Amino acid sequence: MADKRIFNFNAGPAALPLSVLEKIQSSFLNFNGSGMSITEISHRSPLFDEVINDAVARTKRLLNLDDRFHVLFVQGGASLQFAMIAMNFLGRGKTADYVNTGTWSTKAIKECQIQNKPIHVAGSSEDRHFSYIPEALDLNEEAAYVHITSNNTIKGTQWHSFPDTKGIPIVADMSSDFMSRPLDMDQFGMIYAGAQKNIGPSGVCMVILREDLLKTAEEHLPSMLKYATYAAKNSMYNTPPCFGIYTVQLVLQWLEEEIGGLEAMVALNAKKASLLYDFMDTGDFYTPTAEKTSRSLMNVTFRLPSEELEQKFIHQAAEKGLGGLKGHRSVGGCRASIYNAATVEGVKALVAFMESFEKENLT
Ligand SMILES: Cc1ncc(COP(=O)(O)O)c(C=O)c1O
């Protein structure tokens with residue numbers, strides 16, 4: 001089975017480590033000697049307790065989280081978080097700062113506006129088509145939090161350091177770079193990530209929330225839209241996405257035991273990204289779309305000399321087992337998503353293909 005797999009550069013759902021998929025496969029019919037699949041056991045059983053508690057413990061170890069932080073599993077994807085954050089933390093009289101770095105930040109802002117929450121756009125890179133991360137921010141010292149999108153999946157930009165918000169907690173959408181590098185968690189009140197890019201399948205969103213921010217949350221909200229419900233019930237107020245959480249647990253185990261943690265992970269991610277960017281920078285056939293200092297280590301977005309060549313490139317790459325290189329439909333072009341599970345071998349194969357494609361199509 002493994003030899004038929006392609007090098008998968010999809011943006012999400014995206015590649016998972018092969019060893020994780022094999023573990024799921026081998027235990028799928030009989031999970032831990034239970035005689036049942038993980039998809040068939042009760043979320044109230046000790047067997048599942050072990051899964052979710054291990055996933056939480058590994059998250060805490062990998063990110064060096066102290067007891068101030070809750071690790072939660074929520075459904076509804078990162079998109080529901082856009083709305084929940086505003087519901088929970090922007091009660092009457094409260095405001096927040098948002099930095100707009102592309103489609104996903106714009107959507108996060110929109111969910112505040114739908115709820116008539118008075119937020120302030122403290123920075124934006126819209127003036128240059130979201131091709132960079134803005135440095136100068138107009139922060140409001142009354143803000144309840146500062147919201148950023150740490151990695152912009154569509155435009156291929158990433159925050160390489162985080163703004164000094166003078167103690168105001170940063171709330172970060174890390175959907176497309178969660179667990180890809182170590183973090184100084186002191187700056188963050190909350191981080192959240194749809195799992196389907198770096199840590200698992202779709203259907204589960206991880207939320208890491210600091211107790212002092214949680215304490216400020218609104219009380220009068222529906223149970224499933226309140227972070228306090230998830231924190232009080234170990235994310236099991238209702239039936240959680242068990243299979244998703246199990247896969248996340250295995251990916252975190254892979255990160256710790258096979259990769260060796262986030263320092264080792266970011267070194268690998270930097271290596272993969274420089275293979276691609278360095279190659280593209282040597283000529284002018286491929287043009288990265290993000291400004292140099294803001295380039296993402298996760299989503300490498302680029303253009304070819306014409307749309308016809310881009311289509312040919314994507315098509316021929318797929319024929320050679322290099323899949324998922326089409327840019328997001330809203331921007332076109334090409335995109336290689338090289339999340340944690342993308343291998344150095346796969347990126348080298350992509351660069352080799354790019355080299356030969358360029359030679360054949362240079363006019
Ligand atoms: C940075 C970012 N935020 C949010 C989302 C939306 O995530 P979901 O589909 O889990 O709602 C995506 C999806 O691609 C994303 O890349």
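Every number in this text was worked out from the coordinates using simple rules, so none of it is lab data. In this text, all values refer to a predicted model and were calculated from it rather than measured experimentally. Note: ideal-geometry Cβ built from the backbone for every residue, glycine included; neighbour counts use all protein chains shown.
Projecting the Cα positions of ALA122, SER42, LEU183 onto the charge dipole of the chain (unit charges on Cβ atoms of Lys, Arg, Asp and Glu, taken about the Cα centre) puts SER42 furthest along the positive direction. Placing a label point 7 Å from the Cα of MET224 along the Cα-to-Cβ direction, the residues of region 57-93 whose backbone N falls under 12 Å from that point are 75-77. Sites listed here are trypsin sites (Lys or Arg not before Pro) in region 91-190 whose DSSP assignment is loop and whose Cβ has at most 10 other Cβ atoms within 10 Å: ARG92, LYS166.
Applying the criteria of a DSSP loop state and at most 12 other Cβ atoms within 10 Å to the trypsin sites (Lys or Arg not before Pro) of region 316-358 yields ARG329. The C-alpha atoms of the chain occupy a region whose extents along the principal axes are 65, 57, 32 Å, arranged from largest to smallest.
Taking 0.36 nm per residue of separation and subtracting the current Cα-Cα distance, fully stretching the chain between GLU135 and ASN32 would add 32.1 nm. Remark: the chain carries a charge dipole of roughly 660 debye about the Cα centre, counting +1 on each Lys and Arg Cβ and -1 on each Asp and Glu Cβ. Calculated [222 nm] ellipticity per residue, helices only, for the chain: -11000 deg cm²/dmol; basis is -39500 (n - 2.57) per DSSP H run with n ≥ 4, divided by all residues, nearest 500. Taken as entire DSSP H runs, the helices of the chain that both span 20 Å or more between Cα atoms along their own long axis and average -0.5 or more on the Kyte-Doolittle scale are 46-62, 262-281, 344-361. Over region 166-241, the hull volume per residue, using the convex hull of the C-alpha atoms, is 101 Å³. The Cβ shell under 14 Å around VAL71 holds other residues with a net charge of +2, Lys and Arg each +1, Asp and Glu each -1.
What pairs from LYS107/LYS312; LYS155/LYS348; LYS23/LYS215; LYS155/LYS272; LYS292/LYS348 go past 30 Å between their alpha carbons? Over 30 Å Cα-Cα: LYS107/LYS312; LYS23/LYS215. Using 0.36 nm per residue and subtracting the Cα-Cα separation, the extra length available between SER356 and ASP212 on full extension is 46.4 nm. Each Cα pair under 8 Å and six or more residues apart adds its separation to the average, and for the chain the resulting relative contact order is 23 percent. Between GLU263 and LEU47, the modelled labels are 3.8 nm apart [label points 7 Å from Cα along Cα→Cβ].
Spherically averaged projected area of the convex hull of Cα atoms, region 212-311: 11.4 nm². Counted by Cβ distance under 15 Å from ALA14, the other residues give a net charge of +4, where Lys and Arg count +1 and Asp and Glu count -1. Taking GluC sites (Glu not before Pro) in DSSP loop conformation with at most 15 other Cβ atoms inside 10 Å as exposed sites, the chain has its longest uninterrupted site-free stretch at 41-134.
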